[in-house]
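K.L.:
Here you go, one structure.
Computed from the coordinates by the stated procedures, all read-outs in this text should not be read as laboratory data. Everything quoted here is computed from the prediction, not taken from an experiment. Counting neighbours? That spans all protein chains shown, and the Cβs are built from the backbone with ideal geometry, glycine included.
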Amino acid sequence: MLRYLIVLLAMLLPLKVFAITAPGVIKKSQAVLLYSGKDFKARVSMKIIIKSGQERIRELTMLRKNYGDVSGDQKYFMYFFQPADVRNMTFMVYKYPTKDDDRWMFIPAINMTRRIAAQDNRSSFVGSDFTYEDISGRDIENDDHSIIKEENNCYVIKSAPKTGDMEYSYKLSWIDKTNFLPIKEEYYDKKNELYKVFTAEEIKDIKGFPTIVKRTMTNLHTGSRTEVAFTKVDYNIGIEDSLFSERFLKQPPKKWIE
Amino acid sequence: MDRINIVAFFIFILASIFCFLLHSYAADISIHGFSQGNYSFSISENPSGKDFKWAEERVQLKFDASRDPFRIFIKTDGSFEHIEDKEDAELREGYVDYTASKWDLRLGRQIITWGLGDLLFINDVFPKDYEAFFSGRPMEYLKIGVDSAKLGMYPNFASFELVVIPNFKPNNYPSSERFWMYDPMPGITNRETKEPDTKLNNTEIAVRAYRDIKGFDASIYFYHGFMRQPSMLPDNMMTPSKLTLFYPELSVYGTSFQGRAFEGILSLEAGYYDSRQDNAGKDPMIPNSQTKFLIGYQKQLWEDLTIGLQYYGEYMHDYSEYEKNLPQGFPKENKLHDFSTIRITRLLKNQTLKLSIISFYSISDKDYMINPEIKYNFTDQVWGAIGENIFGGDKNWSQFGQLDKNDNVYLQLRYEF
């Protein structure tokens, strides 16, 4: 009897593991998009193009290290090259999935390290059309997820924030069935009108990790868009824990920021 | 050859040598800087009759070269000033870094910022330029570089900074030609400033130890040196004919904590100021020992809108001795001098437009300073700021009350490269 039960369980188990659920797809997608490798480095170039056509450039090196499993804690270290008034500034984030981040900024002109208040992850990142959440992820538990259809080798997932105080009512994500990266995202406002679109334009395989190296966020309300290019991307480069400290915030090591 | 040329020549020669040496060793070299116009119009004319608190054009060059484990950094300014029509060259910072895995050393002129206060300083015992701050110069000019050696040590259990300053450098206060200020002895014009001599016994030492304690950034501080605000010593208390301005001995013992609390950032800082030349508090010419403390809270109310609140106090020890010994006719300070500050910052237009206001209001002295400012980044290279410094209060001798007639409107325009 026991033997039959085990066989039965063994047959059921893989089914349960491989059953496709919307939160499961989102989790897998976040794992690929934000948690690949033990650590990660990229030179990030952001071009913000406002409605009038005027362009602003933000250029930085981003370093990230994972602590614990997928959707666990992470530490980020950013060093700015451009624009001129933020050159040599560094920015450090300790990200926790279920509570507010710790954020520090270093201002070289007066050699000062400051903690900065960080309650709103929907805030714009350095004035771009991307938010902090777009850069470092959103807690899966904050939304209700459902698969609404499958098309072009993608799962199309609707994610609706559980609380009503968000600036969007829901988001549709097209997640590639093969590599689990988001190919496109559409944000709908309170009137259920499309107002923000994310697109992944170029994906490269780097050390076996599929990586979006060109992406754009377009805001249909303001008419601005931000194009982001990742260069010098690398994974598993052995970033030390000590990098994420006041010492190196003040004196960012050349070997990591170049 | 005047001073500007000598300094400029010296810097040029040094920079050339560094360039040559570093180039031949294939180091990373970068040169950046800015050119800037900075004008501050006095709403009431200055004591000297002039209309501007500040009016200058300035160029800054930053030279940065590194080849592990060394780095050289030079930040030097050249300016042309219109109020007195003079040119000036200034080495703002210039130092050499050596970085090892568990320690580092910075030698030379450097800006050091400690403590948590927003424009309120307890454990930041390093020199400041209040003239720059009150004249509407960019914020970075509030801090003055000190010629010093700074040793950083980073064992696993905590981090340490040890600063040794061989030459005393005082704070810079507004000049009596440009600013209306209270003077307790206006009749005595024969004045002499005596800075502490450069000798081993007068070497200033500052130590900071810091680490994380349960998610809070915790620091302890120690300083042994001098007050950077001068005290006045009359040659004769009854019929003074000469005043000597000197810098009394000071030690500071302090601590600070900062972390996330109440959905914002909470800052706590305190320091005991030991007035070593007036331990009993009997000398009316030297400030008594004090305990200074600060509570700060910062919160992002919504996207791109941040508010910061501070409560700050200076508690005078041996107050009864102070009262007993204070000469007739001198203004009497309160036992507790406290004030509160509010800062509100709003970012707009992809964070290229910044509206900010900071206000200081002293509860004990009933005086205030308000500084609203609009800053706009026209391009990634060019920004401009317009702001106003507004002072006032009941008493003509209190910190901001004495500055009542010095309101000014300023413009800063900078091109960075």
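K.L.:
Just going by the charge dipole of the protein assembly as shown, with Lys and Arg at +1 and Asp and Glu at -1 on Cβ, which of B:G401, B:G215, B:L348 is farthest out on the positive end?
P.N.:
So the residue furthest toward the plus end is B:G215.
K.L.:
Oh, and also: Check which residues have an amide H placed less than 5 Å from B:Q277's amide H, if you skip close sequence neighbours.
P.N.:
Those qualifying (amide H under 5 Å, at least 5 residues apart or on another chain) are B:E249.
K.L.:
Still on this structure: With a 10 Å radius around each residue's Cβ, average the other Cβ atoms per peptide and rank A:212-225, A:31-44, highest first.
P.N.:
A:31-44, A:212-225
K.L.:
Would you list the P(r) distribution for chain B, with all Cα-Cα distances sorted into 20 Å bins from 0 and each bin expressed as a whole %?
P.N.:
Per 20 Å bin, starting at zero, the Cα-Cα P(r) for chain B comes out as 21, 59, 19, 0 percent.
K.L.:
Please report Rg (one decimal) and Dmax (integer) in Å for the Cα set of the stretch B:43-180.
P.N.:
18.0, 59
K.L.:
Provide the per-residue ³J(HN,Hα) series for the stretch A:98-108, in order, calculated from phi with Karplus coefficients 6.51, -1.76, 1.60 and θ = phi - 60°, each as a whole number of Hz, with x at glycine and proline positions.
P.N.:
10, 9, 4, 5, 9, 10, 10, 10, 10, 10, x
K.L.:
Here's a follow-up. Among B:28-34, A:46-52, B:234-240, B:216-222, what's the highest-first ranking by average C-beta atoms within 10 angstrom per residue?
P.N.:
B:216-222, A:46-52, B:28-34, B:234-240
K.L.:
If amide hydrogens are placed 1.01 Å from N in the peptide plane, which non-local residues have theirs closer than 5 Å to the one on A:L181?
P.N.:
Residues meeting the amide H criterion: A:D176.
K.L.:
Just going by the charge dipole of the stretch A:37-250, with Lys and Arg at +1 and Asp and Glu at -1 on Cβ, which of A:Y155, A:I110, A:T61 is farthest out on the positive end?
P.N.:
Among A:Y155, A:I110, A:T61, the one farthest towards the positive end of the dipole of the stretch A:37-250 is A:I110.
K.L.:
Moving on. Would you tell me the mean number of C-beta atoms belonging to other protein chains that fall within 10 Å of each C-beta in B:346-352, as a whole number?
P.N.:
Values: counts 0, 3, 1, 4, 13, 9, 6.
Across B:346-352, the average partner-chain Cβ count within 10 Å equals 5.
K.L.:
Another question, then. Semi-axes of the equivalent ellipsoid of the stretch B:210-344: what are they in whole Å, largest first, if each equals the square root of 5 times a C-alpha gyration tensor eigenvalue?
P.N.:
37, 17, 13
K.L.:
Now a separate question. State, to one decimal in nm², a quarter of the convex hull surface area for the C-alpha atoms of the protein assembly as shown, i.e. the direction-averaged projected area.
P.N.:
For the protein assembly as shown, averaging the hull's shadow over all directions gives 37.2 nm².
K.L.:
Using the 2.2 N^0.38 Å rule of thumb for compact globular proteins, work out how the stretch A:58-134 stacks up: its C-alpha Rg over that value, please.
P.N.:
On the way: Rg = 12.8 Å, N = 77, 2.2 N^0.38 = 11.5 Å.
Normalised Rg, Cα atoms only: 1.12.
K.L.:
Karplus couplings for the stretch B:195-202 from phi (6.51 cos²θ - 1.76 cosθ + 1.60, θ = phi - 60°), rounded to Hz, Gly and Pro as x?
P.N.:
With coefficients 6.51, -1.76 and 1.60, one gets 8, x, 5, 7, 8, 3, 5, 9 Hz.
K.L.:
Return the sequence-ordered ³J(HN,Hα) values of the stretch B:274-280 in whole Hz as given by the Karplus equation 6.51 cos²θ - 1.76 cosθ + 1.60 applied to θ = phi - 60°, using x for Gly and Pro.
P.N.:
Ordered by residue, 3J(HN,Hα) equals 8, 7, 5, 8, 9, 4, 8 Hz.
K.L.:
Also, I was wondering about something else. Need one value for A:102-111: mean number of C-beta atoms belonging to other chains within 10 Å of its residues' C-beta atoms.
P.N.:
5
K.L.:
Average partner chain C-beta neighbours within 10 Å, per residue of B:376-385?
P.N.:
Working: counts 0, 5, 1, 6, 11, 4, 2, 3, 0, 0.
Average neighbour count from other chains, rounded to a whole number: 3.
K.L.:
Another question about this same structure. May I ask which residue of B:G136, B:Q290, B:G329 lies farthest towards the positive end of the charge dipole of chain B, with charges of +1 (Lys, Arg) and -1 (Asp, Glu) on Cβ and the Cα centre as origin?
P.N.:
Most positive-ward Cα: B:Q290.
K.L.:
Quick one: dipole size for the stretch A:91-247, taken about the Cα centre, charges +1 on Lys/Arg Cβ and -1 on Asp/Glu Cβ, in debye to the nearest 20.
P.N.:
Working: 23 positive and 28 negative charges, 41 e Å.
For the stretch A:91-247, the charge dipole is close to 200 debye.
K.L.:
Going by amide H atoms built from the backbone, whose H comes under 5 Å of the H on B:L301, apart from near neighbours?
P.N.:
Amide H to amide H, under 5 Å and 5 or more residues apart or across chains, B:L301 pairs with B:T306, B:I307.
K.L.:
While we're here: Only helical DSSP H runs with n ≥ 4 go in: add -39500 (n - 2.57) per run for chain B, normalise by residue count and round the 222 nm mean residue ellipticity to 500 deg cm²/dmol.
P.N.:
Counting only the DSSP helices, I get -2500 deg cm²/dmol.
K.L.:
With charges only on Cβ, +1 for K and R and -1 for D and E, what is the dipole size of the stretch B:3-416 about its Cα centre, in debye, rounded to 20?
P.N.:
620
K.L.:
Divide, for the stretch A:37-250, the radius of gyration over alpha carbons by 2.2 N^0.38 Å, where N is the residue count.
P.N.:
1.03
K.L.:
If you place +1 on the Cβ of every Lys and Arg, -1 on the Cβ of every Asp and Glu, and leave all else neutral, what size is the dipole of the protein assembly as shown about its Cα centre, to the nearest 20 Debye?
P.N.:
2160
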